[in-house]
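The values are calculated or read from the model by the stated rules, or taken from the named source; none is laboratory data. Everything quoted here is computed from the prediction, not taken from an experiment. Cβ atoms come from the backbone with ideal geometry, glycine included; neighbour counts cover every protein chain shown. Quick note on the areas: whole protein, heavy atoms, side chains included, nothing else; ligands and nucleic acids left out. Shrake-Rupley method; radii C 1.70, N 1.55, O 1.52, S 1.80 Å.
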Amino acid sequence: MNVADVLAGFDLGALDGAAPFTVASGPFAVELRAREPLRSDLIAYFGTAVTDSAATDVVHVLDGQTLPDGIALRDWAREPGKTGRKDAILDLADGRLIGKVRTGVGFLEAPGWHLAFGPVRDHTNQVINFVNTQLLNQAQRAGWTMGHAAAVSDGRRTLAISGLSGGGKSTSMLRMMDLPGTRFVTNDRLLFRPVAGGTEALGIPKQPRINPGTILGNRRLHKMLPPARLDALRAMADGALWHLEEKHDLMVAEVYGPDRVAYAAPLTHYWVLNWSRDASAPAEVAEVNLTARTDLLDGIMKPRGPFYFSEDGTFDTEESSPDPAAYLTALQNVAVFEVTGAVDFDALAAEGAALFGAPG
């Protein structure tokens, strides 16, 4: 079975008359074609990333259309430590079908074709992720390295934050956003590459998906939840609140202002959160030599996943893994720090204030 066989089962004409629009980050751009009301929802979500730039990749979004009966996908093995079924795939002669097990949303990924189908209107976030995946794939094919990080910048300095045990990179990043002059770069995926005189960084237009504990701990975010829900969260034990599975989209431009987003920035500092809620020692931020502390790369590296294919059309497999040497090269001009001790966002905010308040 090939891509043409799969496409024959879809009605691409359903998108006739749907005005396309483009989403971009830096030099990378993706055109979207979707019907209303999904089209307007996507434009509102991507906000400042919507542009009139030209795009070579086009994402077709076909709400409600499904694969013919008889096409079976196999489970994609998850990363070590991750449980439950998430993705399923079927490799074609010239592409790949990917299905989201829990939602039934499907994707066709191939050179020249990017298709989202199924109940996409009910799962807009997965379409958003698919669009951002195209931006990430374009960048990686152009030689950028992808890190699992949040990041903020003041234009002179950019701080990336990754997490090992304990996590908290999104909460830490948002505490930095409370500092004057900082701008949101990215929440979960950061692209970077070395250039003459430093390192470039590039974020993607994916709004932070934050947990209730993050909202509760930041007064600026309290308006995201009704008062009764905030009261219920305050009554929860810290441990239960930390592990609560409940995510909310934080629309950065609405909460912080439309001038507080900058996807492109010079990467200068990198914090790897290796702290713990159970630690007794105070939080400490100490510079490390990443070449000597390659264990910290576990918090930085991120597999490209089932959606990635290289220039020759070859897809990654479950056995594909990030190349540590590529990360060491990409971050050679960046000051890397390890954060240890007890989880303490106030202490980290003070470190951030010192960093962004220091003279250039």
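For the reader, a short list of remarks on this structure follows.
- Prolate/oblate/rounded call for segment 171-300, Cα gyration tensor, a/c under 1.5 rounded: oblate
- When only alpha carbons are used to place a centre, segment 109-128 and segment 178-227 end up 25 Å from one another.
- Approximating the spin labels as points 7 Å out from Cα along Cα→Cβ, the Ala237-to-Ala325 distance works out to 4.9 nm.
- For the set Trp271, Trp76, the ranking by accessible area, highest first and with no ligand, DNA or RNA atoms included, is Trp76, Trp271 under a 1.4 Å probe.
- Within the chain, helix-based [θ] at 222 nm, where runs of 4 or more DSSP H residues each add -39,500 (n - 2.57), nearest 500: -6500 deg cm²/dmol
- Sequentially through segment 148-153, phi angles give Karplus couplings (6.51, -1.76, 1.60; θ = phi - 60°) of 8, 8, 9, 7, 9, 8 Hz, Gly and Pro residues having no value and appearing as x.
- Where the Cα pairs of the chain fall when distances are cut into 10 Å bins, in %: 5, 23, 32, 26, 12, 2, 0
- Cleavage-rule hits (GluC sites (Glu not before Pro)) in segment 221-323: DSSP loop, at most 16 neighbouring Cβ within 10 angstrom: Glu245, Glu246, Glu311, Glu318, Glu319
- Per-residue Karplus couplings for segment 293-301, computed as 6.51 cos²θ - 1.76 cosθ + 1.60 with θ equal to phi - 60°, are listed in order as 10, 5, 4, 6, 4, 4, x, 9, 6 Hz, Gly and Pro entered as x.
- Top positive-direction residue, dipole computed over the chain with Cβ charges, set Pro324, Ala24, Ala353: Ala353
- Take segment 213-360 with all the other protein chains still there, run a 1.4 Å probe, and you get 52 Å² of accessible area per residue.
- Residues whose placed amide H lies under 5 Å from that of Val105, excluding near-sequence neighbours: Lys100
- Other-chain or far-sequence residues with amide H under 5 Å of Thr158's (modelled H): Thr268, His269
- In this structure Ser280 has an accessible area near 120 Å², from a 1.4 Å probe over the protein heavy atoms.
- Percent of beta bridges antiparallel (DSSP, the chain, rounded to nearest 5): 70 percent
- Once backbone amide H atoms are built at 1.01 Å from N, Leu67 has no partners under 5 Å, excluding neighbours fewer than 5 places away on the same chain.
- Non-local lysine pairs in the chain, meaning eight or more places apart or on different chains, with alpha-carbon distances under 25 Å, amount to 22.
- Here segment 191-333 exposes an accessible surface that is 49 percent carbon and sulfur, computed with a 1.4 Å probe and the other protein chains kept in place.
- Taking all protein chains together, Met251, Met1 sort by accessible area into Met1, Met251, largest first [probe 1.4 Å].
- Take segment 1-96 with all the other protein chains still there, run a 1.4 Å probe, and you get 53 Å² of accessible area per residue.
- HN-Hα J in Hz across segment 107-116 - Karplus 6.51, -1.76, 1.60, θ = phi - 60°, x for Gly and Pro: 9, 10, 10, 6, x, x, 9, 9, 10, 10
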